[in-house]
Structure formats: structure tokens, C-alpha cells
Amino acid sequence: MHMRWLGIVAAASLLVACGESEPSGSVTSTTSADRPYSGDLADALSGARGAERALECDGGIYRGGTGQLHDGLEETGDSPAQGLDNWMDPEAFFNQVPTSGYALEREDGDHALLSFDADGKTVIAFVMRDGLTDYQDDTGWGVESYAMCDPAQWPPHVTDELDIGVWADASGARVSVEEVVSFHGSAHCDWQDTTWIYLGEEGERGEFLGNPDPGLRDLLRTTYALDVPVPEDARDTGWSRKGRRLLIAADGSAAYLVPAYDGVDRSIGDRWPAPKQPIGCA
């Protein structure tokens with residue numbers, strides 16, 4: 001799931017870091033963290049897991065990593081913000097992160113913390129370091145480490161813009177994408193009109209297709225159909241998204257999307273078939 005799919009459009013003035021000669025595309029906000037990170041950037045935030053320490057997740061760390069300046073396409077920059085811009089160019093699509101709305105939360109000597117905040121908490125963190133050398137032998141600011149909280153903790157309009165379909169539980173709380181997530185298929189395979197629902201990591205507990213591409217239909221356990229009877233033994237997950245609640249057939253052959261509203265008949269819904277085996281775009 002993490003690699004299959006994973007910016008906020010901030011109405012804030014551009015933040016120009018010290019020594020920066022031009023505005024940044026990624027650092028476009030001012031920090032809104034209730035408790036800005038006060039640790040030692042040159043020590044406590046150094047190393048492969050450094051960015052994780054600056055996060056304020058409700059739960060575990062979703063994903064993280066280090067910069068790949070020597071064997072990738074990442075390049076250094078003249079400032080922390082420009083270094084992040086250069087990381088975003090090759091990496092943002094594959095990591096499925098917002099490309100703008102980051103803030104310079106801390107700068108301390110040759111280290112800086114760039115953060116993306118939601119509800120006063122840092123949910124994505126990049127630790128930048130000066131003096132790094134990239135594959136072109138240019139030296140400057142580059143990503144030392146990065147980490148992020150579950151996308152369910154990011155602002156809803158951000159996940160929608162990134163095509164990360166976050167669901168809600170019966171109380172209205174956003175559910176971890178490691179439990180359930182929906183997304184459109186790859187344009188590379190011309191599947192962008194098909195929507196996937198994954199249950200569990202990489203769909204290990206269920207994978208279902210809405211409006212499947214005609215070329216995929218022979219790979220499915222049943223048919224896609226609208227307004228069909230929902231089996232009486234279908235399991236109600238309690239999860240809903242965009243006015244539709246998710247039920248799963250007892251044999252796992254299909255998901256059923258029914259109206260989420262109380263008092264509405266849920267015996268009729270849209271059937272989303274499961275594949276006979278996991279489907280991926282080569």
C-alpha cells in the first residue's frame with residue numbers, strides 16, 4: 001500500500017529562508033505547531049531515523065527514510081527550502097506527499113527542520129543538512145531523513161488532492177489507511193477510471209474494484225453492478241466515505257457500497273468485485 005499510492009494549497013505568504021535568493025515551491029507556510037520541536041537538530045535529529053523524533057503522530061510512524069543523493073535523482077540546494085524542492089521533483093510522486101505547505105520550523109547551524117502541520121501538530125517532517133554532496137558533486141542542503149504520520153492525520157483536502165481515499169468510522173473519525181483506503185488506478189495502464197478499495201496492508205485482507213476496466217473483468221470473482229441486493233450475511237465494516245457505507249460479502253467475493261445515512265434502506269447497493277488474485281500495473 002505504501003508504495004502503490006501515497007500539496008496542501010496554503011494561502012500563506014512565501015517563506016524565504018536565510019540566504020535564499022528565490023522563493024521555494026515547497027516551503028510556503030509558517031509553522032503552526034503548538035509545540036515547535038526544541039531538540040538538538042545537530043544531534044538528536046541526525047541519522048536515518050532523525051525526522052521521526054519531530055513528529056507528533058496519534059499512533060505509530062507511517063513511513064520514513066533517508067535522502068538518496070548519491071545514487072538517485074535528488075539534488076542539493078542553496079537553502080533548506082531549495083533542498084526540499086529538489087527532493088520533491090523526483091520523489092514526491094512516488095512517496096505521495098504534499099508538494100507545498102511546509103514550514104521552516106527550526107534552523108540550527110548545518111541542520112534544519114521543515115515540517116508540515118495539521119491541527120497544530122507536525123505530521124510530516126524533513127530534516128535537512130548542509131554540506132551534503134549529490135550525484136553531480138554539488139554540495140549544499142539536502143534531505144538527511146524524512147518521516148510521516150498516517151495520511152488519515154493529514155488535512156482531508158490534502159489527501160483528496162493526492163487521491164488517498166480516507167474512510168471514517170461510525171464516530172466520524174478518520175480511519176488509518178493501513179486499515180482501509182481507496183484510490184484510482186494507474187493512468188500508465190489506463191485504469192484511472194477504476195477505483196480500488198484496499199483492506200489492510202497492500203489489500204491483504206481484501207481488494208475490491210469499482211467501475212473496473214473492461215480488460216480486467218475476466219480477472220474478477222464476480223461482476224460489477226449497481227443497485228443490486230446486498231446479501232443478508234454481508235459484514236458491515238462501519239466505515240463510510242462520501243455518503244456510502246462499506247459492507248463485505250461473507251465469502252469475500254465482493255464489497256457492497258450502500259447509503260450511509262440512518263433510516264435509509266441498505267438492502268440495495270453497488271457491488272464491487274474482488275479479483276481472483278492481486279492486480280498490479282506493470
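Need at least 2 residues that are open to solvent by less than 10 Å² (accessible area, probe 1.4 Å) per element, so show me which strands (runs of 3 or more DSSP E) inside the stretch 50-127 make the cut, counting only ones lying wholly within it.
Details: elements: 63-66, 103-108, 111-118.
Because the criterion is at least 2 residues that are open to solvent by less than 10 Å² (accessible area, probe 1.4 Å), the strands (runs of 3 or more DSSP E) in the stretch 50-127 that meet it are 111-118.
Against the condition at pLDDT below 95 and surrounded by fewer than 13 Cβ atoms within 10 Å (Cβ to Cβ), how does ASP265 come out, does it pass? Steps first, answer last, please.
On the way: at pLDDT below 95: yes; surrounded by fewer than 13 Cβ atoms within 10 Å (Cβ to Cβ): yes.
In short, yes.
With respect to GLY140, determine if the residue is of a type in the set (Gly, Ala, Ser), outside any helix (DSSP H, G or I), open to solvent by less than 20 Å² (accessible area, probe 1.4 Å) and at pLDDT 95 or above. Spell out the reasoning first.
Details: of a type in the set (Gly, Ala, Ser): yes; outside any helix (DSSP H, G or I): yes; open to solvent by less than 20 Å² (accessible area, probe 1.4 Å): yes; at pLDDT 95 or above: yes.
Here the answer is yes, as GLY140 does meet what is asked.
Are there strands (runs of 3 or more DSSP E) fully within the stretch 194-253 with at least 2 residues that are of a type in the set (D, E, K, R) and modelled with pLDDT of 95 or more? List them. Talk me through it step by step, then tell me what you get.
Numbers: elements: 195-199, 206-210, 225-229, 235-241, 244-248.
Of the strands (runs of 3 or more DSSP E) lying wholly inside the stretch 194-253, those with at least 2 residues that are of a type in the set (D, E, K, R) and modelled with pLDDT of 95 or more span 235-241, 244-248.
Any idea which of GLU178, GLU161 is surrounded by fewer than 22 Cβ atoms within 10 Å (Cβ to Cβ), closer than 30 Å to ARG245 by Cα and touching a helix residue (DSSP H, G or I) at 6+ places or on another chain (Cβ under 9 Å)? Give the derivation first.
Details: GLU161 fails: touching a helix residue (DSSP H, G or I) at 6+ places or on another chain (Cβ under 9 Å).
The conditions single out GLU178.
Which numbered condition in (1) open to solvent by 50 Å² or more (accessible area, probe 1.4 Å); (2) closer than 18 Å to PHE183 by Cα; (3) more than 23 Å from the chain's Cα centre (by Cα); (4) of a type outside the set (Phe, Trp, Tyr) is the only one that PRO275 fails?
(1)
Looking at HIS184 and the list (1) of a type outside the set (A, V, I, L, M); (2) within 22 Å of PRO273 (Cβ to Cβ); (3) crowded, with 20+ Cβ neighbours inside 10 Å, which single condition is not satisfied?
Among (1) of a type outside the set (A, V, I, L, M); (2) within 22 Å of PRO273 (Cβ to Cβ); (3) crowded, with 20+ Cβ neighbours inside 10 Å, HIS184 violates only (3).
The values are calculated or read from the model by the stated rules, or taken from the named source; none is laboratory data. These numbers come from a predicted model, not from an experiment. Because the Cβ atoms are built from the backbone with ideal geometry, glycine has one as well, and the counts that use them run over all protein chains shown. Only protein heavy atoms, including side chains, enter the accessible area calculation; ligands, DNA and RNA are left aside. Shrake-Rupley method; radii C 1.70, N 1.55, O 1.52, S 1.80 Å.
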